[in-house]
Amino acid sequence: MKLSRWLFVGVCALMLLVVIDPARPALAQPPSPAPPTSTTPASLAISTMFSPLDVPQRKTMGLLQRNFLEMAGGDEGELEVALVIDGTNSMSAELAGVRGSIDRMLDDLRRFRKGQVRASIVVYRDYGSPSGEVSIVLPTFTADKAAIDKAVESLHPESGEPFFHELPDVGLHTAITQLPWSDSPDVVKWIMLFADAPPYSVTFRDAKYPGAHRRFTNELLVSLARKRGIQINCILCTSSDDNVQPYQQVVDQTREFMSELASQSSGVMLDLSYPAIQTALIEAGKRPEIQYAKLDPINAFDLAAARRQEDPVAATDASPAAATNVSIAVVPHEPLEGIRFDPDRSSVQVATAIRHRFASLPGVRVVSTIDIQRQLRRLRAEGMTHTQAIRGLAGRLRADYVVWGSVAPQTQQVQTAAYRRRDGEAVIQVAFDGDYGQVANVILTAASKDPSRDPILARLANHAMGSATKAMLQSPIAETAATSSELLAALEALEQSLAFAGDSDESIELLKTAEASARAAVEAEPRNPLGHWLLSNVAFNQAMRDYQRGALDEAKARMSQMKSSLRRAYRNRSTIEATSLSEEIAGDYALLVDRNVEDAITQYKLLVDPAMPPASQLRGHWMLAGVYAGDWGVPDSFANLKESRRHVIEILANWPDSPEGKQLKQWLRWDEASGQTEHDYLPTIHVQMSKWDEV
């Protein structure tokens, strides 16, 4: 899973699409949370633990936080949550972070929960603290924001005695036994313990400090919690700088104490003592404030009603469009056992060119490079033979055909074939010497000349060759082979960058490769719209990465570059033979440069026509979902959450495994078992970016 990433690429770029988050804060939703006032691990954890968008994707953090998300979502009942907080001096920095982030955490919970969320606050300290060992700062469970804020503001650290161990057992016992928990079994009850130190050992005694001893055992606390139906969730916080040594000496005890309480009460523990987790939180904390919009829940019946039937075998000559419900995987043209995916390799660029052309045909879905790479790796590990590998690859990718072959090292002549999934037979075999962009045309021409070899491909070919797509198939990608190679390298590098986290070294290097190749192409051919389109995509991805890490000046500069390249692509779009790509460019130009929302909607509606390529339809639904939800700074007069929800359903129903479908499932917390969304708020990430002026 990658860090929340957004791609700004059209159908020409192999279905690498803009992930627009369909959201708008002004539309029927709770107020947007303020950003945390502290960047301590505790404040960052609180700010992200119940946010599907903000969950860090690093494995060490993601697994823990997904537990919190799973615990929070999908429940109709009301929630009572008692915040039990260590108020000693060692928690000075973390206490400030907790104080500044509680509002945000509660707002995230309210988005998750169908019922009301009420909070209470208990602060415990140590023996000898001026304000006593424990205080019930907020004695009732309330949803009143003002009352919660007032209680939170009263949290201040105090010193105690005799040393680092403290009284979390007293704080927990007070919360369990003295707070007015509801007796209703329909009310969910949580304790969230924030602490950096363990309780005293059961054997510790010191005559000088008679109150410094263990008051309540774990067994008793768990027993009392279970009787009330309370889950104990624990956050092991970091300690102040002057307590590093004692903190490290007892952190294992703290971890054991919290782990036992959480596991035995069906709660969750988050351990902030690990540097890897702290780093992941800091990365997540750099992200700008996120706003949300609420959609009505979506369930399996909604998806079934929108799902389209795709059965290429059932296609008839009378319905040529139906014959194009075909999925095709195009593999780099070199021996299967040693395939590499370097964008500058001829064998890879042949596959990129074929995939690029097929993706522009109505009804044809192409499999992404990343999925092919992943499945090939598994097949090689299993030691499959050539025939088994081709059939196995088609089956695992759910591709009707696998296109694969070779490129002669000296002559660069292409030998390629289309292998059928059901029997692994090479139903079309061709040889070609020339611009790689013509190979798809050669394959389809061969299929149309011998319909007996494969009727489905023949119908696809006849439909393509007899329509407006014929000119697109026959047109070159660029004026020269060298420029064509640069464009194909940029396309491939851009797609592969999707496989990695946006801030990863791999993603950064692939985007640099894409940028260099696309820039070389437009320097050679200044009027090439595909080159400028690719540059706009690269700049957008780089801007999003900068935006996510809080580097706003760099992000603004990248967005300026994106708009400049988009303008050039728009001015030269008349030379593009693919109607779908031309419409995409016009829509994005209207929305992002001209700021003409009405024209943008008109263009995106053209893309969702069933006669358009599936990649274009996906793009259209995605953009319309965002526009109708009010993203990109769209005026409220265009917002229509019902329409936004309809386009989201189209994506989930018909493109569930696309990057966009997977992102929506994460944001909405789609539950496969129940067949419904558990989190009905979608994040808005482009509102601030849309307000930036050119720099």
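A few points about this structure:
Yes/no per residue for (1) over 16 Å from residue 405 (Cβ atoms); (2) under 39 Å from the mean Cα position of the chain (by Cα); (3) not in a loop (DSSP other than H, G, I, E, B):
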| position | (1), (2), (3) |
| --- | --- |
| 439 | no, yes, yes |
| 446 | no, no, yes |
| 452 | yes, no, no |
| 456 | yes, yes, yes |
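- Residue count for region 334-353, restricted to those that are over 11 Å from residue 405 (Cβ atoms), assigned to a helix (DSSP H, G or I) and under 30 Å from the mean Cα position of the chain (by Cα): 4.
- For residue 159, the conditions (1) modelled with pLDDT of 80 or more; (2) hydroxyl-bearing (Ser, Thr, Tyr); (3) surrounded by fewer than 19 Cβ atoms within 10 Å (Cβ to Cβ); (4) closer than 18 Å to residue 197 by Cβ are fulfilled apart from (1).
- Matching residues, region 633-646, being surrounded by fewer than 24 Cβ atoms within 10 Å (Cβ to Cβ), assigned to a helix (DSSP H, G or I) and not basic (Lys, Arg): 633, 636, 637, 638, 641, 643
- Residue in region 369-395 that is modelled with the highest pLDDT, counting only those that are farther than 27 Å from residue 437 by Cα and in contact with a helix residue (DSSP H, G or I) (Cβ under 9 Å, 6 or more places away or on another chain): 392
- Residue within region 84-107 that is within 38 Å of the chain's Cα centre (by Cα), in a loop (DSSP other than H, G, I, E, B) and crowded, with 22+ Cβ neighbours inside 10 Å present: yes
- Being among the charged types (D, E, K, R) and in contact with an Asp or Glu (Cβ under 7 Å, 6 or more places away or on another chain) holds for only one residue in 380, 374, and it is 380.
- The set of residues in region 191-245 being part of a helix (DSSP H, G or I), small (Gly, Ala, Ser) and without any contact (Cβ under 8 Å) to a residue 12 or more places away in the chain consists of 223 alone.
- If the condition is being at pLDDT below 95 and surrounded by 24 or more Cβ atoms within 10 Å (Cβ to Cβ), then region 563-582 contributes 578, 580, 581.
- The set of residues in region 169-186 that are of a type outside the set (S, T, N, Q) and surrounded by 16 or more Cβ atoms within 10 Å (Cβ to Cβ) comprises 169, 170, 171, 172, 173, 175, 176, 179, 181.
- Failed item in (1) at pLDDT 85 or above; (2) closer than 30 Å to residue 618 by Cβ, with residue 224 passing the rest: (2)
- Verdict on residue 298 being under 23 Å from residue 490 (Cα atoms) and at pLDDT 90 or above: no
- The lone criterion from (1) assigned to a helix (DSSP H, G or I); (2) more than 30 Å from residue 419 (Cβ to Cβ); (3) touching a residue at least 12 places away in the same chain (Cβ under 8 Å) left unmet by residue 512 is number (3).
- Filter pass, residue 417 being among the aliphatic types (A, V, I, L, M), surrounded by fewer than 16 Cβ atoms within 10 Å (Cβ to Cβ) and not in a loop (DSSP other than H, G, I, E, B): no
- Residue identified as modelled with pLDDT under 75 and either within 19 Å of residue 237 (Cβ to Cβ) or touching an Asp or Glu at 6+ places or on another chain (Cβ under 6 Å) (or both) among 87, 97: 97
- Counting only residues that are in contact with a Leu (Cβ under 8 Å, 6 or more places away or on another chain) and not small (Gly, Ala, Ser), region 349-370 holds 11 of them.
- Search result, residues across region 455-493 that are touching a residue at least 40 places away in the same chain (Cβ under 8 Å) and of a type in the set (Lys, Arg): 459
- Of all the listed residues (520, 490), the sole one being of a type in the set (A, V, I, L, M, F, W, C) and surrounded by 24 or more Cβ atoms within 10 Å (Cβ to Cβ) is 490.
- The number of residues in region 572-621 being of a type outside the set (Asp, Glu) and touching a residue at least 40 places away in the same chain (Cβ under 8 Å) comes to 22.
The values are calculated or read from the model by the stated rules, or taken from the named source; none is laboratory data. Here the structure is a predicted model, which is why all the values come from computation and not from measurement. Note that each Cβ is placed from the backbone with ideal geometry, even for glycine, and that neighbours are counted across all protein chains shown.
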